[in-house]
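Visitor: My questions will all concern the structure given below.
The values are calculated or read from the model by the stated rules, or taken from the named source; none is laboratory data. Note that the coordinates shown come from a computational prediction; the quantities given were computed from them, not determined experimentally. Note: ideal-geometry Cβ built from the backbone for every residue, glycine included; neighbour counts use all protein chains shown. Surface accessibility is based on the protein's heavy atoms, side chains included, excluding ligands, DNA and RNA. Shrake-Rupley method; radii C 1.70, N 1.55, O 1.52, S 1.80 Å.
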Amino acid sequence: MSDIVEKTLTALPGLFLQTQTGGEAAAAKASLSSRLGSLVRGITALTSKHEEEKLIQQELSSLKATVSAPTTTLKTMKECMVRLIYCEMLGYDASFGYIHAIKLAQQGNLLEKRVGYLAVSLFLHENHELLLLLVNTVVKDLQSTNLVEVCMALTVVSQIFPREMIPAVLPLIEEKLQHSKEIIRRKAVLALYKFHVIAPNQVQHIHIKFRKALCDRDVGVMAASLHIYLRMIKKNSSGYKDLTGSFVTILKQVVGGKLPVDFSYHSVPAPWLQIQLLRILGLLGKDDQRTSELMYDVLDESLRRAELNHNVTYAILFECVHTVYSIYPKSELLEKAAKCIGKFVLSPKINLKYLGLKALTYVIQQDPSLALQHQMTIIECLDHPDPIMKRETLELLYRITNAQNITVIVQKMLEYLHQSKEEYIIVNLVGKIAELAEKFAPDNAWFIQTMNAVFSVGGDVMHPDIPNNFLRLLAEGFDDETEDQQLRLYAVKSYLTLLDVENVFYPQRFLQVMSWVLGEYSCLVDKETPDAVITKLYKLLMNNSISSETKVWLIAAVTKLTPQAHSSNIVERLIQEFTISLDTCMRQHAFELKYLHENMECMKRVLPVNKSCEDMVVDASLSFLDGFVAEGLNQGAAPYKPHHQRQEEKLSQEKVLNFEPYGLSFSASGFTGRQSPAGISLGSDVSGNSAETGLKETNSLKLEGIKKLWGKEGYLPKKESAIGDEAEAQPIPQESVIMENVDQAITKKDQPQAHMQSKEEKEKQLLASSLFVGLGSESTVNLLGKADTVSHKFRRKSKVKEIIKSGETTSTHNMTCSSFSSLSNAAYEEDYYLDTSQDRGDKGLKKFSLNSELLDSELFTALPMVKKPSNCSMSAPSLFADNNLEIFYPFPSTPAPAAKEISVASSLSEEPTEHMHSDLMEITEQPECCLPVMEAESMKNFQHSVQMEEPFTEGTVSGFVNYEMIDSHSAQLEFSVTVSLLDFIRPLKISTEDFGKLWLSFANDVKQNIKMSESQAALPSALKTLQQKLRLHIVDIIGNEGLLACQLLPSVPCLLHFRVHADVLALWFRSSCSTLPDYVLYQCQKVMEGS
Amino acid sequence: MQFMLLFSRQGKLRLQKWYVPLSDKEKKKITRELVQTVLARKPKMCSFLEWRDLKIVYKRYASLYFCCAIEDQDNELITLEIIHRYVELLDKYFGSVCELDIIFNFEKAYFILDEFLLGGEVQETSKKNVLKAIEQADLLQEVSYKEAETPRSVLEEIGLT
């Protein structure tokens, strides 16, 4: 089959050539009358770009005259639009025609309207202001009785629609989901998909209708709904587990060929549908054994059925393999999938080979032995003429790097790096090399050489973390002090050699790294070095090609070295030179150096040798200035106010809270994304500290200074080749050591090529042995994990990690998880808010005692794991209860009293591992705790705090408890709790004045009108609902308007201003967080509509 | 899918469809860079490219290059088939399509694309259904166009235009 297709494809160009003359004639005839035809021909006839420009400009000006003339008919206008589209495609600006495109869509008959809509969708983008003018036309066409008009409107909506206008068309589109024509239903679903992409909250309430679309009798509609499901499941897979069965059934039907033949593509049934379903299943089955079990059969069948040798079957196979490796593993399937990967990797077709490498990259961590099987192919791809293949291979190697093969792999990466010019690739690769070097470096020399290459190639494009981390590593060192000194010493020596080379050009950031290291550690070499270094630094300082930021680094290094130097000639010259510099920053540094230099004693005290990691004691409150301040105040000076306070005061004098009535809900278009009027930053309290940071900087140049914008400079290829040579020389001794056992491995695997080893082959095998060395010596699945533990050379001290982490973990609030007992109850209880923990616990126990025949006493031990008086609402996923039953199944017949006996002293060790899965939040930390022996029926509390970093509607906290019974029978109990936005919302108690100030300072706002039910049509009742259900604080009520405030914990405020008109509630939210208002609004809508 | 570009061997853009909002300047930059990169590749090389953080899937049919940008986790092979299906659709509609058909009737090519892909996702996988939709629209339009001819001109006289 594929052969036929291949033949057709190769024949195509020939066919085209044959028809070229005939086709040209036909096309020419068809377009003889059209102006477009003559324009196109005119352009093709031209030879120079300049002539083309002239012609198009002419055309554009004539078009401009035509479209703006009042007498132009719509028919002519249609033709003009086509020509305008053509001009835009050639890259010329035709923006004068945009408004006419909208007019054409509005006023034209069907044919003209179609072109009008097309022009609009091609010309405008989502945020274009003119797009608002299209809304009315779309609304009108959606209500049309003409199918074609409805189709056109839906098509344009699915491509481009202003986000804030969605409410205007949403009801109309929802209606279309019930339309009798499947094409309309399909397009309506896709329009909703588009809305889901641009404003997910607006379509949250129609989830039930998506389910209907999924069950639609038309395959097209069902397939369209999968786009929405894939998206939603990507964000939150736990909410759709119940649909797994349906997806599996659909896939079974598709694979079994139950669909109409129309949907087959090259005799493969509905490949697009299959791939979509496989992706969905992969997401649903991830880390979930129960769900995964449902899909094993159908995956097996998919793998089996896809045997036709055509691209599209390979596409399905690839997706299938991906899914098999994503879900909870099943060895039988994994085996088949691995075979499939083999087919890809060994395929002579380059596209398939590429995907084979991609698949290997994906699965290599789970199954490193696969890399061994295909090692020769991988080696071949490493020298592939196509750079894309090389790059994918390097990506693969990056995943299997360990302490033994690092030198070879990094060398290969550096080779590739030197050939590539694209910035994105360089940044990416440089980051990887730096990461690997830090993790697995075999020795100091190699590490410094590699990092030198990284800095000189990556230069100024690389991520600023790389030099930061490198310097921190040098400064903080590892556990072994002599080793640290060795590394520093080597770095200093290597930089001194680099600086000796004449006429080379180092990137600015590399120079900065060098100057810091030289400034700190030159003295390690010997007593004479500081003088020599100062001379070198001085030379660099006088170099014009060096950016002023780097110069600051250089002068800081000189400052640090001055107290250790013997002669001060150069320093004095430098001071002379730079105290008159035009650069104020340089001048300041020069003056600091000058005064310190005059007082050597002080200088030695302020700049101690090799103390970069020790914290300086700095008086951050600037108390030594108190006398000066007091004196000023006595003389009548105004007290100091921080900048933001001044700004706020100024603003509040100018403006008061705007109580103007709202426009219609659509008119809020311009508000989102508007800049804050004052640019006030709340809580910025750094105003007084500038002096302190400045002081620090001159003392030891703390690393904070590194994160800044950098200039762009080239790098020097000459230097690297030298480094490359040295790096090449490195790995040889290592290889020879390990060669033997790998050779054995190779012979054991009886490679087909083994018997005809040419010289080239031998080289390749040699390379293979050095590359796959870590994988060859051990062959269990756990290989890589083990390799990781092979002493990381540069493991940082834990102190560093604490420093980094402290920023993230402070200011968490206590989000409490409710006890298991209440979990299973909560679903049945209308009122989630239980008053006391005692109460809650009691209820749980009661519940369980009712079911005690079913439940083992173990449950009691695990039961109150988490408990605290909480104001969080928790709903109980039914899965959890199922899990209980499954876990405790071994003792179902044991009567309750007996069970108690068994577990009287059951030892319980608890290791809850919590993960947060939600659309926006991912908590990577894994809190663990162990509890000692627990007695039966006793309770233990476990608290863990969860913080919402970005708003979302619903997320889940899941984890599991491992415990061991006294008879050493161990078990695991999984649980998950759903947390919603409301759990993180608290009243914000502020005064009306504060509200006014905050209101003005927030940039993100959202307006919406809500219709209220009759029962709450008055302000007080509406307020009460909001206060109770959403926990908003009522700041003030003025007439028929109200001010409310709440905060997303820990401290993101959200303000609400609302006003009642008859039964319409006009809501206006503002917040410092851009997405929060949307989410709170959604909650409000739910509450107001729900009650 | 993020966008689709059609360009000739000479590097002339023939069709462009963007499914993500980008400024004109960015679009031009991307187009220029991509056309250059793709044209520089040799025929034996693989049809996929990594470009910034996107995957580019391209294929050449006669003198035209079809080029799609997808995200990293998307399936490259099926994207190739999307391109092929689009070519099939064009071929069926124009009757053995050639570059000139697309140059002179590019609006038709857009209409076909919009019936096949919508908002960057495959809308309809049945070839028959796509062509039916296009034909229906063409047919209805022509009919209504003829019908509308007379009243339209009257409306125009009243000054509605």
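Visitor: Among A:LYS64/A:LYS187; A:LYS187/B:LYS55; A:LYS140/A:LYS241, which pairs are too far apart, with a Cα-Cα distance over 29 Å?
Guide: Distance filter (> 29 Å) returns A:LYS64/A:LYS187; A:LYS140/A:LYS241.
Visitor: How many nm is it between the label spots at A:ASN146 and B:LYS128, if each spot is 7 Å from the Cα in line with the beta carbon?
Guide: 2.9
Visitor: Also, quick follow-up: For A:ASN405, enumerate residues with amide H under 5 Å from its amide H, sequence gap 5+ or separate chain, H modeled in the peptide plane.
Guide: Under 5 Å from the amide H of A:ASN405 lie the amide H atoms of A:GLY774, each far enough along the sequence or on another chain.
Visitor: For the range A:174-245, which chymotrypsin sites (Phe, Trp or Tyr not before Pro) pass both filters: DSSP loop (anything but H, G, I, E, B) and at most 15 other C-beta atoms within 10 Å?
Guide: Here no loop site has a sparse enough neighbourhood.
Visitor: Compute the FRET efficiency between A:SER331 and B:ARG52 as 1/(1 + (r/R0)^6), taking r as their Cβ-Cβ distance and R0 = 30 Å, and round to the nearest 0.05.
Guide: Values: r = 39 Å, r/R0 = 1.29.
Taking R0 as 30 Å, the efficiency between A:SER331 and B:ARG52 is 0.20.
Visitor: With every protein chain left in place and a probe of 1.4 Å, what is the accessible surface of B:GLU26, to the nearest 10 Å²?
Guide: Probe radius 1.4 Å; accessible area of B:GLU26 about 90 Å².
Visitor: Shifting gears a bit: Would you work out the relative contact order for the range B:3-158, in percent, from Cα pairs under 8 angstrom that are 6 or more residues apart? Present the calculation step by step, with values, prior to reporting the outcome.
Guide: Numbers: 141 pairs, mean separation 26.9, N = 156.
Value for the range B:3-158: 17 percent.
Visitor: Applying the Karplus parametrisation 6.51 cos²θ - 1.76 cosθ + 1.60 with θ = phi - 60° to the phi angles of the range A:164-169, what ³J(HN,Hα) value in whole Hz is obtained for each residue in order, glycine and proline being reported as x?
Guide: The phi angles translate into 6, 9, 3, x, 5, 10 Hz.
Visitor: Hey, which of these cross-link pairs are over 26 Å Cα-Cα: A:LYS209/A:LYS1011; A:LYS235/B:LYS127; B:LYS17/B:LYS59; A:LYS212/B:LYS17?
Guide: Pairs exceeding 26 Å: A:LYS235/B:LYS127; A:LYS212/B:LYS17.
Visitor: Continuing with this model, one more query. For the range A:390-460, run through the chymotrypsin sites (Phe, Trp or Tyr not before Pro) and keep only the ones in DSSP coil with at most 14 other Cβ atoms within 10 Å of their Cβ.
Guide: none
Visitor: Alpha carbon centre of the range A:191-269 versus the range A:123-190: separation in Å?
Guide: If we compute the Cα centre of each part, the gap is 21 Å.
Visitor: If the chain between A:ASN569 and A:LYS1024 were fully stretched, how many nm would it gain, using 0.36 nm times the residue separation less the Cα-Cα distance?
Guide: Full extension from A:ASN569 to A:LYS1024 adds 155.9 nm.
Visitor: So, one more: Evaluated at 4 °C with a viscosity of 1.567 mPa s, what Stokes-Einstein diffusion coefficient in µm²/s does the range B:3-158 have when Rh comes from the Kirkwood expression over alpha-carbon pairs? Each step should come with its number before you reach the end.
Guide: Numbers: Rh = 17.2 Å.
For the chosen part, D equals 75 µm²/s.
Visitor: Which FRET efficiency, nearest 0.05, do A:LYS493 and A:ILE580 yield, Cβ-Cβ r, R0 51 Å?
Guide: 0.90
Visitor: Would you mind checking which residues have amide H under 5 Å from A:GLY459's amide H? H placed 1.01 Å from N; only 5 or more apart, or other chain.
Guide: none
Visitor: Still on this model: Can you list the HN-Hα couplings for the range A:140-147, worked out from phi with the Karplus curve (6.51, -1.76, 1.60; θ = phi - 60°), rounded to whole Hz and with x for Gly and Pro?
Guide: Those phi angles translate into 5, 5, 5, 8, 5, 8, 7, 4 Hz.
Visitor: If you put +1 on each Lys and Arg Cβ and -1 on each Asp and Glu Cβ, how big is the dipole of the range B:3-158 around its Cα centre, in Debye rounded to 20?
Guide: 960
Visitor: Along the range A:350-366, what does the Karplus equation 6.51 cos²θ - 1.76 cosθ + 1.60 (θ = phi - 60°) give for ³J(HN,Hα), rounded to whole Hz, x for Gly and Pro?
Guide: 5, 4, 5, 4, 4, 5, x, 4, 4, 5, 4, 4, 6, 9, 4, 6, 7
Visitor: Take the Cβ-Cβ distance between A:ASP480 and A:ARG646 as r, set R0 to 51 Å, and report the resulting FRET efficiency rounded to the nearest 0.05. Could you put the intermediate results ahead of the total?
Guide: Details: r = 53 Å, r/R0 = 1.04.
Efficiency at R0 = 51 Å is approximately 0.45.
Visitor: So which of A:LYS181/A:LYS234; A:LYS194/A:LYS1007; A:LYS286/A:LYS353; A:LYS349/A:LYS764; A:LYS49/A:LYS421 end up more than 24 Å apart by C-alpha?
Guide: The answer is A:LYS181/A:LYS234; A:LYS286/A:LYS353; A:LYS49/A:LYS421.
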